[in-house]
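A.B. asks: Before I ask anything, let me first share the structure, which is written out below as structure tokens.
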Amino acid sequence: MSTPRPSYQKFAVEVRDSAIDGQGAFASEPVPPKVKIGEIRGEAISVEEARIRATRSERIMIVELSARRAIDFGRSTDPMRYTNHSCQPNARLCIRQGRVEFYAVKPIAPGEEITVNYGETHHEGRLACRCGAADCMGRL
Ligand SMILES: [Zn+2]
């Protein structure tokens, strides 16, 4: 039995408790490298509004697309919005035409947590990183 998912979610992903932080996005089927895993779609807002929301919300689910545009995934139901950061990720974010897409960089096994490098975040180094990678930067 498979859960219905939108056509832009190419591989089955489930949300489970994560050892890294809160909940995470886990592959429920094997994902080969370099392919698109899925994407998250949310509410398009201005970067100005994103900065205001970031100060209010405990769990920040905002990605800045450009100097002016951002997307808030707070009300999205796409499982990949739970994707955690790792300093040694198995996937990468790709922002294309206003969408946030996820591509595998390594083969991902069923049950493995999908992670990306967040790069610059709203946390500005105030959050400890618990990704467990050998070359972990320690901070987000
Ligand atoms: Zn780390």
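The values are calculated or read from the model by the stated rules, or taken from the named source; none is laboratory data. Quick caveat, the model's predicted, so the values are computed rather than measured. Here Cβ is always computed from backbone atoms with ideal geometry, including for glycine, and neighbour counts include all displayed protein chains. Protein only, heavy atoms only, side chains kept; ligands, DNA and RNA dropped before computing areas. Shrake-Rupley method; radii C 1.70, N 1.55, O 1.52, S 1.80 Å.
A.B. asks: If you count only protein heavy atoms with a 1.4 Å probe, what accessible area per residue comes out for segment 1-89, rounded to a whole Å²? Working shown, then result.
C.D. replies: Working: 5230 Å² over 89 residues.
The answer is 59 Å² per residue.
A.B. asks: Through the Karplus equation 6.51 cos²θ - 1.76 cosθ + 1.60, θ set to phi - 60°, convert the phi angles of segment 11-28 into ³J(HN,Hα) values in whole Hz; use x for Gly and Pro.
C.D. replies: Karplus values, whole Hz, x for Gly and Pro: 10, 5, 10, 10, 8, 9, 4, 10, 6, 7, 6, x, 10, x, 9, 10, 5, 9.
A.B. asks: Taking the Cβ of residue 34 as the center, what net charge do the other residues with Cβ under 13 Å away carry, scoring Lys and Arg +1 and Asp and Glu -1? Write out the running numbers ahead of the final one.
C.D. replies: On the way: positive: 10, 36, 92, 106; negative: 101.
The answer is +3.
A.B. asks: How much of the accessible area of the chain, probe 1.4 Å, is carbon plus sulfur, in whole percent? List each step's numbers first, then the result.
C.D. replies: On the way: 4070 of 8310 Å².
Using a 1.4 Å probe with all protein chains present, the chain comes out at 49 percent carbon and sulfur.
A.B. asks: In addition: If each DSSP helix of 4+ residues adds -39,500 (n - 2.57) and the sum is divided by the residues in the chain, what number results at 222 nm, nearest 500 deg cm²/dmol? It would help to have the intermediate numbers written out before the result.
C.D. replies: Details: 1 runs with 10 residues, N = 140.
Taking each H run of at least 4 residues, the total per residue is -2000 deg cm²/dmol.
A.B. asks: Under the definition of Cα pairs under 8 Å and six or more residues apart, what whole-number percent is the relative contact order of the chain? Let's see the in-between values first.
C.D. replies: Working: 290 pairs, mean separation 39.0, N = 140.
RCO, the chain: 28 percent.
A.B. asks: Is segment 33-140 rounded, prolate or oblate when judged by the Cα gyration tensor, a ≥ b ≥ c being the square roots of its eigenvalues, rounded requiring a/c under 1.5 and prolate requiring a/b larger than b/c?
C.D. replies: Values: a/c = 1.95, a/b = 1.26, b/c = 1.55.
Since a/c reaches 1.5 but b/c is at least a/b, the shape of segment 33-140 is classed as oblate.
A.B. asks: Moving on to the next point. Non-local amide H neighbours of residue 37 (under 5 Å, H modeled in plane, Pro and chain starts lacking H): which ones?
C.D. replies: 102, 103, 104
A.B. asks: To continue, here is another question. Would you mind counting up the charge near residue 93? Only other residues with Cβ under 11 Å from its Cβ, with Lys and Arg at +1 and Asp and Glu at -1. Write out the running numbers ahead of the final one.
C.D. replies: Details: positive: 92, 96, 99; negative: 39, 101.
Neighbourhood net charge equals +1.
A.B. asks: Next question. Which trypsin sites (Lys or Arg not before Pro) in segment 11-109 sit in a loop by DSSP (not H, G, I, E or B) and have at most 13 other Cβ atoms within 10 Å of their own Cβ?
C.D. replies: Counting only loop positions with at most 13 other Cβ atoms within 10 Å, the trypsin sites (Lys or Arg not before Pro) in segment 11-109 are 34, 59, 68, 75.
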